[in-house]
Amino acid sequence: MLLGAMSCECFHCVAYRVVHNESQSRDFILSVAGTTCPLCGVRTEEFYLVADTVDIQHVESGTGTWNLATGPDGGYAGFGGKQENASRGTSSAAQRLRRQLAEQADQEKQRMCRLITDSAQAGVAFTVGDKAEQDGRLDQARRAFEVCAGTGGRESFQAALRLGQLWESEQDHRSAARWYRQAADAPDAELRAAANLLLGSARQKIGEVDAAERAYQRAVDCGTGSLQALAALRVGMSRHDRGDRTGARDAYERVIALEDEVASPDAALNLGALEEEAGNWERARELWDYAHSCGALETSRLAAFNLGRYWAHRGKRRRARKFYRIAEHSENPEIAVRAARESR
């Protein structure tokens, strides 16, 4: 089985060896720490072992040569050992030959290390980044994810998404947007939708409103389920904020039709406000009833406040106070104060 050692410092393969048993594996592992990377010269402190999946399956199934006879064939017994009649070359030609052989060995080692690096770098870097993030070592996590994101492989898009989230946690929304944009090119549609949704949020936070809405729309176009519903809700809210009432209404209606347990009640709450604005109080009440009954806790409280206003408008003060008392617990201080005042 071919074992490779991938450095956690430079994410290159720094050593490799064909091993046939546990003893040889232990010897190889012990030899790696402190190795200088043949590709970049960085000293290895921590490393991951990598091996071909097929080799591992053969060892696990007992169909490989693991722990079987591993001595050299008879014809090789004594190869490299002491030979009484052997002559030793001492000429400059022999010295040049040794140097050439050493250079060829170094070149072959570099070639093999590059091959193993190309094969394993993305997976190892992502694993290191994931573990470092879990342990709170965020600088190391970013460095590992950046290596993975630069490989161009399947994991690179997931690493770019994680980098965006790490920068988002630092409130660096511009850097987050840069990595989300890379993740948004992922071949996987759901990952592409998630990246565009997060990209829209990051761009909105840095004031790029039009770009944010375009990102939300891309998430709608390629997403499914809750991702699609949430993205469509964001499209509606963006249109609502810039005064496009017709566009906002269309987006909210689409979200409600998706029957998502989180986004649909939120869309109903917002669409109810548009209906009230247009004088359609009964349609607004229907939407707020739905948002109050099916929405998350805060959505339900905000819908209750609007229902209190509706019933007060109809002259039903007792029914209005019932909803105002629910809205008193809103996380929105202004709504909570107004609801408390109206519930008296």
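The values are calculated or read from the model by the stated rules, or taken from the named source; none is laboratory data. Note that this is a predicted model, so its numbers are computed, not measured. In this analysis, Cβ positions are derived from the backbone assuming ideal geometry, glycine residues included, and neighbour counts consider all displayed protein chains.
Some points to look at:
- Residues that are in a strand (DSSP E or B) and out of contact with any Cys (no Cβ under 8 Å at 6 or more places or on another chain) were ranked within the range 1-14; the one that is modelled with the lowest pLDDT is 2.
- Screening residue 344 with (1) assigned to a helix (DSSP H, G or I); (2) over 36 Å from the mean Cα position of the chain (by Cα) gives one miss only, at (1).
- Subset of the range 193-210 (residues that are surrounded by fewer than 21 Cβ atoms within 10 Å (Cβ to Cβ) and either assigned to a helix (DSSP H, G or I) or in contact with a Cys (Cβ under 7 Å, 6 or more places away or on another chain) (or both)): 201, 205, 209, 210
- Residues of the range 211-255 that are surrounded by 22 or more Cβ atoms within 10 Å (Cβ to Cβ) and over 21 Å from residue 181 (Cα atoms): 236, 248, 251, 252, 255.
- Among residues of the range 157-190, those that are touching a Phe, Trp or Tyr at 6+ places or on another chain (Cβ under 8 Å), exposed (fewer than 14 other Cβ atoms within 10 Å of the Cβ) and of a type in the set (S, T, N, Q), counted: 0
- From 136, 152, residue being modelled with pLDDT under 95 and either within 17 Å of residue 7 (Cβ to Cβ) or part of a loop (DSSP other than H, G, I, E, B) (or both): 152
- When 276, 298, 261 are checked against the criterion of being buried (at least 19 other Cβ atoms within 10 Å of the Cβ), without any contact (Cβ under 8 Å) to a residue 40 or more places away in the chain and under 30 Å from residue 329 (Cα atoms), 276 stands alone in meeting it.
- Meets criteria (within 32 Å of the chain's Cα centre (by Cα) and not aliphatic (A, V, I, L, M)) for residue 252: yes
- Within the option set 43, 26, being in contact with a strand residue (DSSP E or B) (Cβ under 9 Å, 6 or more places away or on another chain) and surrounded by fewer than 17 Cβ atoms within 10 Å (Cβ to Cβ) holds for one residue only, 43.
- Residue in the range 231-245 that is outside any helix (DSSP H, G or I), farther than 24 Å from residue 295 by Cα and in contact (Cβ under 8 Å) with a residue 24 or more places away in the chain present: yes
- When residue 242 is tested against (1) at negative phi; (2) modelled with pLDDT of 95 or more, only condition (2) is not met.
- Candidates 186, 211 - the one that is touching a helix residue (DSSP H, G or I) at 6+ places or on another chain (Cβ under 9 Å), under 25 Å from residue 253 (Cα atoms) and not basic (Lys, Arg): 211
- The conditions of being touching a residue at least 12 places away in the same chain (Cβ under 8 Å) and either within 22 Å of residue 237 (Cβ to Cβ) or surrounded by fewer than 16 Cβ atoms within 10 Å (Cβ to Cβ) (or both) are not met by residue 342.
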